[in-house]
Amino acid sequence: MDNVNALLGGFADVITPMNLLIALLGVTVGTAVGVLPGIGPAMTVALLLPITYGLPVEQSLILFGGIFYGGMYGGSTTSILLNTPGESASVVTALEGNKMAKAGRAAQALATSAIGSFVAGTIATAAIVFVMPQVVDFAVTLGPPEFLAIILVAFVGTAAILGSSRVRGFAALLVGLALGLVGTDFVTGQQRLTFGSPFLADNIDVVVVAVGIFAVGEALWVAAHLRRKAGTVIPVGRPWMSKEDWGRSWKPWLRGTALGFPFGAIPAGGAEIPTFLSYLTERKLTKHPEEFGKGAIEGVAGPEAANNASAAGTMVPLLALGLPTNATAAIIIAAFMSYGIEPGPLLLTKEPDLVWMLVASLFIGNFFLLVLNLPLAPAWAKLLRIPRPYLYAGILFFASMGAYAVNAQPFDLFLLLGLGALGFAMRRFGLPVLPLIVGAILGPLVERKARQALQLTGGDASGLVGGPVAWVCYAFIVAVLVWPLVSRLRRGRGGDDDPPAGGDGENPSPEVELARATTTEGRAS
Amino acid sequence: MSTEATTAPEGTTPSGAGPLGRVRDRAQLGLCAALALAGVVVVVDASRLGEVTSSNDPVGPRAMPFLVGGALVVVAVLYALDVLRGGVGEAEAGEDVELGHRADWRTVGLLGGAFALNAVLIEPLGWVISGSLLFFLSAFALGNRHHVRGLAIGIALALGTFYAFAIGLGVNLPAGILQGIL
């Protein structure tokens, strides 16, 4: 009951006319930017960070609550109305959603997606209220060795499990860790990797890394491969659903929520797996199997709910442990840090009001989203027609402004360009972006925890493996790292040592297999 | 799969293939070299740090960079092995991305130039001018041919953000030579 009281306290803090206005602004801007093609939720949050610089912490968190859900919903509008989803979590929505839109049911697809997002967001945010404090209770009992082990699990998870190639994931992670090293050592004050530059001595701001990799890198990458003919946008009126659509949607919403939340809440879960699972579940359970592949409403309702529930779920490790498990969460952590708030298990004890306010603003943002999106959908659809030169010029414009505003030094703009080139190369070579950001954010934290842990034992390495929690974590890491070797040996014994055709010499993750399964399905129909 | 995967020759029988016969998209090897180089730089940089350890800090500031740099070199080698075995990374797709044709380096170069110009001009001329130029030049590089409209949008955006953020919210944006006018 304590949690509920604390949450009510959070609501009381949020519900003032000014704060509600800010929440509304967050949702509107978040959706508008999220709808723009090529801009996913993570880039939305990164680009909109500067808006929050001038605000007090409380109000900027309220703004974030709105931007977070707004950006998420905007992305799914894009994938329904334009059949070229930008981010992996919306791929599944596009499968059926775009087919529905082409069949003249865009209004229903957007409606089930908006209402489903609302239902999933509300249930999942309520789940945060009950799960997060439990995780915190557990997390505060952990010493530096256990905490170190949990962060390492997050590293291995984002690098090895989420992407399609482990070696590429680890390469990205290590580049991120190296970026995190740049600056002044926090114990001895020595300069590392600064090459004598006073600008680097102050560490590279994580916001600059995030904006450089997400926004500038993406803009340069798209510029190099700009589609000559923009995709066709399907016009849409006001979203609505018939009674039958409601009947077919509500169960997929609930199932999608149930699938999405747990995946979001565990480190290395992500939104891709639950959205695919939800799609496969709905296809199996539907009473209208003939419609799948031609625009079945269940195939939009379920994955959309799963996507949103998973996004809300990422708030659990974010608020309870300080661990970002998706790109958007990583940027929210960066924003916390820029306010001098240290994320981690102590956050809830030290800043309970802030945490509950953020949770309350998630509820409110989610509600505004529903109120706003149903009537405004035709306006959002118009945003999809924005001329691409203006769109990407605008991204570069806002990225420069945001990065400059962090420290007010032109040097950061050159750094931003360099990081943009890095982001370009990563997209070119298929290196995942998330491990890099996670490495850059958590690298300094890992080093601190490791040095603290070793300090307790006077440098004896046993200080790193104390406690059953740490053992479980290391066992998990070893299992993840060793598994492909084991399976390769097995295959080798079978007499077939050729890597699978078209593969990258690694075992494809379940996500990729699911993707393959669903795309072949799509083609078969 | 990326375009490289479909255009590059598939690995033929091991006996008939040369040493690089199975490699698709050889530029990947350049990336491996860059990763290894980065690892070496991290290690070399760390090795010139003073070895300061104390009872408070038994490992000192060198341990982490040694670990990261070493791991970078190891991963670079593993990555190269993967490439040599025919592995290829999947280039990122997107709403406005068409991977069918070659990268348009001219546009990327112009954008980089516009971006760097903004970095140089932002303090002397101020955000309103440098930001307008950034938008106008970037839109031009990306194929906008309505020059007046592009410039007008750029100026509107730069003025709007300056008033909203620098004056309204107190965000750091320089006024430059327009100090006193804005």
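The values are calculated or read from the model by the stated rules, or taken from the named source; none is laboratory data. If you're wondering where the values come from, they're calculated on a predicted model, not measured in any experiment. Cβ atoms come from the backbone with ideal geometry, glycine included; neighbour counts cover every protein chain shown.
Take the conditions under 19 Å from A:Ala425 (Cβ atoms) and modelled with pLDDT of 95 or more and apply them to B:Ala91. Does it pass? Lay out the reasoning, then the answer.
Numbers: under 19 Å from A:Ala425 (Cβ atoms): yes; modelled with pLDDT of 95 or more: no.
Here the answer is no, as B:Ala91 does not meet what is asked.
Select from the range A:381-412 the residues that are farther than 20 Å from A:Gly54 by Cα and outside any helix (DSSP H, G or I) and write down the one among them that is farthest from the other protein chains (Cβ to nearest Cβ). Can you show your working first?
First, the residues of the range A:381-412 that are farther than 20 Å from A:Gly54 by Cα: A:381-396, A:411.
Add one more test, that the residue is outside any helix (DSSP H, G or I), and what stays is A:384-387.
On the way: A:Leu384: 9, A:Arg385: 12, A:Ile386: 11, A:Pro387: 7 Å.
That would be A:Arg385.
Please go through (1) modelled with pLDDT of 90 or more; (2) surrounded by 14 or more Cβ atoms within 10 Å (Cβ to Cβ); (3) out of contact with any Ser or Thr (no Cβ under 9 Å at 6 or more places or on another chain) for A:Leu431 and return the number of the only condition it doesn't satisfy.
Here A:Leu431 meets the rest and fails (3).
Can you spot a residue in the range A:133-144 that is farther than 30 Å from A:Arg238 by Cα and within 14 Å of another protein chain (Cβ to nearest Cβ)? Lay out the reasoning, then the answer.
Residues of the range A:133-144 that are farther than 30 Å from A:Arg238 by Cα, as a first pass: A:133-144.
Going one step further and asking which of them are within 14 Å of another protein chain (Cβ to nearest Cβ), we end up with A:144.
Yes, some residue in the range A:133-144 is farther than 30 Å from A:Arg238 by Cα and within 14 Å of another protein chain (Cβ to nearest Cβ).
Quick check on the range A:265-281. Is at least one of its residues in contact with a helix residue (DSSP H, G or I) (Cβ under 9 Å, 6 or more places away or on another chain), within 13 Å of A:Val119 (Cα to Cα) and in a helix (DSSP H, G or I)? Walk me through how you get there before you give the answer.
We begin by selecting, within the range A:265-281, every residue in contact with a helix residue (DSSP H, G or I) (Cβ under 9 Å, 6 or more places away or on another chain); these are A:265-281.
From the residues that got through so far, the ones that are within 13 Å of A:Val119 (Cα to Cα) too are none.
No - not one qualifying residue is present in the range A:265-281.
Does any residue in the range A:463-489 that is over 11 Å from A:Pro145 (Cβ atoms) come within less than 9 Å, Cβ to Cβ, of a residue that is surrounded by 14 or more Cβ atoms within 10 Å (Cβ to Cβ) and of a type in the set (Lys, Arg) six or more places away or on a different chain, and which pairs are these?
Here the result reads A:Val480/A:Arg166; A:Leu481/A:Arg166; A:Pro484/A:Arg166, each pair linking the range A:463-489 to a residue that is surrounded by 14 or more Cβ atoms within 10 Å (Cβ to Cβ) and of a type in the set (Lys, Arg).
I want to confirm something. Restricting to the range A:188-201 and keeping residues that are touching a helix residue (DSSP H, G or I) at 6+ places or on another chain (Cβ under 7 Å) and on the phi < 0 side of the Ramachandran plot, which single residue is modelled with the lowest pLDDT?
Taking the range A:188-201 and keeping what is touching a helix residue (DSSP H, G or I) at 6+ places or on another chain (Cβ under 7 Å), we get A:192-193, A:199.
The next check asks that each one be on the phi < 0 side of the Ramachandran plot; those that pass are A:192, A:199.
Values: A:Arg192: 90, A:Phe199: 86.
Out of the qualifying residues, it is A:Phe199.
At least 2 residues that are within 7 Å of another protein chain (Cβ to nearest Cβ), under 26 Å from the mean Cα position of the chain (by Cα) and surrounded by fewer than 17 Cβ atoms within 10 Å (Cβ to Cβ) in each: list the helices (runs of 4 or more DSSP H) lying fully within the range B:42-161 that qualify. I'd like the intermediate steps shown before the answer.
On the way: elements: B:63-84, B:105-125, B:127-141, B:147-161.
Those helices (runs of 4 or more DSSP H) span B:105-125.
Among the numbered conditions (1) away from chain B (no Cβ under 12 Å); (2) within 21 Å of A:Thr328 (Cβ to Cβ); (3) surrounded by 24 or more Cβ atoms within 10 Å (Cβ to Cβ); (4) of a type in the set (S, T, N, Q), tell me where A:Thr112 comes up short.
(2)
Which ones in the range A:148-160 are modelled with pLDDT under 85 and among the hydrophobic types (A, V, I, L, M, F, W, C)?
Residue satisfying the conditions is A:Ala160 alone.
Among the residues of the range A:198-230, count how many are assigned to a loop (DSSP other than H, G, I, E, B) and either facing chain B (nearest Cβ under 7 Å) or free of Cβ contacts under 8 Å to residues at least 60 places away in the same chain (or both). Lay out the reasoning, then the answer.
Taking the range A:198-230 as the starting set, the residues that turn out to be assigned to a loop (DSSP other than H, G, I, E, B) are A:198-205, A:225, A:227-230.
When the remaining residues are screened for being either facing chain B (nearest Cβ under 7 Å) or free of Cβ contacts under 8 Å to residues at least 60 places away in the same chain (or both), the result is A:198, A:200-201, A:225, A:227-229.
Adding up the residues that qualify gives 7.
Every residue, every condition in (1) crowded, with 17+ Cβ neighbours inside 10 Å; (2) touching a residue at least 24 places away in the same chain (Cβ under 8 Å); (3) over 30 Å from B:Asn118 (Cβ atoms), yes or no:
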{"site": "A:Leu318", "(1), (2), (3)": "yes, yes, yes"}
{"site": "A:Ile333", "(1), (2), (3)": "yes, yes, no"}
{"site": "A:Glu342", "(1), (2), (3)": "no, no, yes"}
{"site": "A:Leu354", "(1), (2), (3)": "yes, yes, yes"}
{"site": "A:Pro375", "(1), (2), (3)": "no, yes, yes"}
{"site": "A:Tyr392", "(1), (2), (3)": "yes, yes, no"}
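Take the range A:445-465 and flag every residue that is under 30 Å from the mean Cα position of the chain (by Cα) and acidic (Asp, Glu).
If the condition is that a residue be under 30 Å from the mean Cα position of the chain (by Cα) and acidic (Asp, Glu), then A:Glu447 is the only one that fits.
Go through the range A:291-308 and report how many residues are in a helix (DSSP H, G or I) and hydrophobic (A, V, I, L, M, F, W, C). Before the answer, list the steps.
If we filter the range A:291-308 for residues that are in a helix (DSSP H, G or I), which is where we start, we get A:291, A:298-308.
Subsequent filtering for residues that are hydrophobic (A, V, I, L, M, F, W, C) retains A:300-301, A:305-306.
Here the count works out to 4.
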